[in-house]
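One structure below.
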Amino acid sequence: MAQSTTEPAHADEPTAKPAAPALRVWPAILIVAVFWAGYIALMASDMVISQSFMSLVGVWLVCFLALMGWWLSRRQLSWSERLAAVAVAVLGATLCALVSRETLGVMNAVYFGFPLVWTAWAGWLLFSRKASERTRRVGLLVAILLVWGAVSLLRVDGIDGKMLPSLHWRWTPTDEQLYLAQRKAAKEIAGATADGGTPLVLESGDWPCFRGPGFLGEQNHPPIATDWNAAPPKLLWKRRVGPAWSSFVVLGDRLFTQEQRGDDEATVCLDAATGDELWAHVDKARFWDGQAGAGPRGTPTFHNGRLYTYGATGILDCLDAATGKLLWTRDVVAETKAPLPMWGFSSSPLVVENRVIVFAGGPDDKGLVAYEADSGEPAWDAASGPVSYSTAQLVSVDGQPQVLLLTDSGVVAVDPASGKRLWHYDANADGIWRVVQPRQLDDARVLVGSEDLGLRLLDVARDGDAWKTSEAWITSDMKPAYNDFVVVGDVAYGFDKGIFCAVDLKAGKRLWKGGRYGYGQVLLLKPQNVLVILSERGEVALLAANPDKHEELGRFQAIEGKTWNHPVVVRGRLYVRNDAEMAAFELAPAATASQAAAR
């Protein structure tokens, strides 16, 4: 029998190490999938902006910690590989944030960049699970750096009401750059005053301030043609404009607004019939944030021949409305030691009893400040609450003039002559911004709205020398974020998130909800009682103020791009704008449609 050639193993020979278990990638894939599923679900939900934003931050943080915890606990990987990947991710985020401060903003770079890094991270691990250890290590580091490099090439031109970013390559010109190039080509002067002329006076039908007389968002206007198929609005002019979320002031044949021009904040006077610039006053100031973009947020206020403007960085100017000549100016931030709000100063000046009143948000009693309208000298200051994006508003309760302001602490009412606090409705916002204007319904009732408060009807009464407030009702059937509402009789019409709705003010109950216009704005035309809505995407819709149903009468695309600015209708003309362009349209009178139908 042939002997076996196989040699017996010796006991002293070393045995082979068992192979390390393969890296299980499915937990990383699951974490990334949970994040994107949560993101999509929250974007599609009807939660208010602040709630969906905080929920997204929560999902982001949980997924970040889960992915980092999973990665750092993988014993199949050496500590050098685990720590190197984390270090490269953090280093990439830091470099991206530094490079993208002016195009993305630090918060946007981190907030939007990391989920893309997680996705690439998990995707590469899945793709390279059968590759060599070296390929996996090097490829992961390269993938992370490539994602951060790609993110740094992007520019965010703000986000919309659903918190969806508007992304562009950083080297493509912005709307503001195109506007400035156009001005340069036309050799337009950066800021120039007009020749002296007759001082401007307020006439019937003019629009002297933000949301018009009384800040009510309503205009007593002759009936317009509501059949826009038979008599559509006619474009009079359209032009580029610098970024801003300002609205318009209209005085006779002049149109006033604010805009950003590079490093200058500008107050501009235009010919209302042609859109041609008549004069401009500029201040060396620029505000920018990664969500709302650049430019002023407030609207000019006209009073006794003068124009008062409040810039996003806190510069309060008094200008001659006829010429644009600067009469006086104050740096409210420097004088009150107020911190710059996250989204810039957004309120407009209120002029009452020859005093200009603006929100400052300074420490101690310097929350609401007043200056002499003629000289700009300080008049008084009052505590208000540290954060507000609303505008001080004059009302009269039981014969007593009062200035109301909605802030993160609630509603404060002060005496316009002295700044003495009259009453305060306590409603802390817990960090939620408040924007919407309060609305006085009658001599003793004030309607307050915001996304965290919903709508609240307050009864305000004098109690001897003091005042007291109580809640008539509270409803969450309308939660206006930064979209002011209007009132027709016993019905409020406004936005619940991005959907228009109507609320019965007697019972505090919603009557209907319909019409998706995004986070737009609404204007009431009386006595016809029709609603002009400027949607978040630049469409203009005409609605009947119908308490029974959503009744849209007409719609057309007026301007392009994200639009948060308030529309204005004066003497048969509709004026609209956003952060890139503005336009004027002629609205046919009611007789035109009937005449066209007869023919």
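The values are calculated or read from the model by the stated rules, or taken from the named source; none is laboratory data. If you're wondering where the values come from, they're calculated on a predicted model, not measured in any experiment. Every residue, glycine among them, receives a Cβ derived from its backbone with ideal geometry; neighbour counts consider all protein chains shown. Please note that ligands, DNA and RNA were not included when accessible areas were found on the heavy atoms of the full protein model with its side chains. Shrake-Rupley method; radii C 1.70, N 1.55, O 1.52, S 1.80 Å.
So residue 436 passes all but one of these: (1) within 16 Å of residue 395 (Cβ to Cβ); (2) of a type in the set (A, V, I, L, M, F, W, C); (3) open to solvent by 10 Å² or more (accessible area, probe 1.4 Å); (4) in a loop (DSSP other than H, G, I, E, B). Which condition number does it fail?
(3)
Looking at the structure I just gave you, is residue 575 in a strand (DSSP E or B) and farther than 29 Å from residue 477 by Cα?
The answer is yes for residue 575.
Cβ contacts < 9 Å: first residue in contact (Cβ under 8 Å) with a residue 24 or more places away in the chain and farther than 15 Å from residue 120 by Cβ, restricted to region 146-169; second residue acidic (Asp, Glu) and assigned to a strand (DSSP E or B), any location; separation 6+ or different chain. Result?
Partner pairs satisfying both residue conditions: 158/289; 165/157; 166/157.
Please go through region 100-130 and give me each residue that is open to solvent by 70 Å² or more (accessible area, probe 1.4 Å), under 30 Å from residue 580 (Cα atoms) and assigned to a helix (DSSP H, G or I), ordered by number.
Residues satisfying the conditions are 106, 107, 116.
Six or more apart or on different chains, Cβ atoms under 9 Å: show the pairs whose first residue is in region 386-398 and closer than 9 Å to residue 433 by Cα and whose second is charged (D, E, K, R) and surrounded by fewer than 22 Cβ atoms within 10 Å (Cβ to Cβ).
Cβ pairs passing all conditions: 387/408; 388/408.
I'd like the full set of residues that are assigned to a helix (DSSP H, G or I), of a type in the set (A, V, I, L, M), open to solvent by less than 40 Å² (accessible area, probe 1.4 Å) and at pLDDT below 95, limited to region 32-58.
42, 43, 49, 56
Just the residues that are closer than 27 Å to residue 483 by Cβ, open to solvent by less than 20 Å² (accessible area, probe 1.4 Å) and over 27 Å from the mean Cα position of the chain (by Cα), please, taken from region 216-232.
221, 224, 225
Matching residues to (1) of a type in the set (D, E, K, R); (2) under 30 Å from residue 351 (Cβ atoms):
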{"residue": "127", "(1), (2)": "no, no"}
{"residue": "153", "(1), (2)": "no, no"}
{"residue": "160", "(1), (2)": "yes, no"}
{"residue": "172", "(1), (2)": "no, no"}
{"residue": "187", "(1), (2)": "yes, no"}
{"residue": "194", "(1), (2)": "no, yes"}
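Kindly indicate the residue of region 350-381 that is farther than 20 Å from residue 406 by Cα and surrounded by fewer than 18 Cβ atoms within 10 Å (Cβ to Cβ) and also modelled with the lowest pLDDT among those meeting that condition.
Only one residue tops the list, namely 353.
For residue 394, work out the one condition from (1) closer than 27 Å to residue 452 by Cβ; (2) open to solvent by less than 50 Å² (accessible area, probe 1.4 Å); (3) touching a Phe, Trp or Tyr at 6+ places or on another chain (Cβ under 9 Å); (4) modelled with pLDDT of 95 or more it doesn't fulfil.
(2)
Hey, among 549, 562, which residue is more than 27 Å from residue 241 (Cα to Cα) and open to solvent by 10 Å² or more (accessible area, probe 1.4 Å)?
Matching residue, one of 549, 562: 549.
Given the residues 284, 325, which is the only one that is out of contact with any helix residue (DSSP H, G or I) (no Cβ under 8 Å at 6 or more places or on another chain), under 21 Å from residue 260 (Cβ atoms) and open to solvent by 30 Å² or more (accessible area, probe 1.4 Å)?
284
Could you grab me the full set of residues in region 77-87 that are open to solvent by 30 Å² or more (accessible area, probe 1.4 Å) and either within 13 Å of residue 148 (Cβ to Cβ) or assigned to a helix (DSSP H, G or I) (or both)?
If the condition is that a residue be open to solvent by 30 Å² or more (accessible area, probe 1.4 Å) and either within 13 Å of residue 148 (Cβ to Cβ) or assigned to a helix (DSSP H, G or I) (or both), then 79, 80, 83, 84, 86, 87 are the ones that fit.
Could you check how many residues of region 518-535 are in contact with an Asp or Glu (Cβ under 9 Å, 6 or more places away or on another chain) and either open to solvent by 10 Å² or more (accessible area, probe 1.4 Å) or β-branched (Val, Ile, Thr) (or both)?
Adding up the residues that qualify gives 4.
Which count do you get for residues in region 503-516 that are outside any strand (DSSP E or B) and either in contact with a helix residue (DSSP H, G or I) (Cβ under 8 Å, 6 or more places away or on another chain) or open to solvent by 10 Å² or more (accessible area, probe 1.4 Å) (or both)?
Count: 2.
So, of the residues in region 131-147 that are part of a helix (DSSP H, G or I) and not hydrophobic (A, V, I, L, M, F, W, C), which turns out to be modelled with the lowest pLDDT?
Ranking the candidates gives 133 first.
May I ask you to say which residue of 461, 492 is part of a strand (DSSP E or B) and surrounded by fewer than 21 Cβ atoms within 10 Å (Cβ to Cβ)?
Every option except 461 fails the conditions.
Just the residues that are touching a helix residue (DSSP H, G or I) at 6+ places or on another chain (Cβ under 8 Å) and either open to solvent by 10 Å² or more (accessible area, probe 1.4 Å) or without any contact (Cβ under 8 Å) to a residue 60 or more places away in the chain (or both), please, taken from region 244-273.
261, 262
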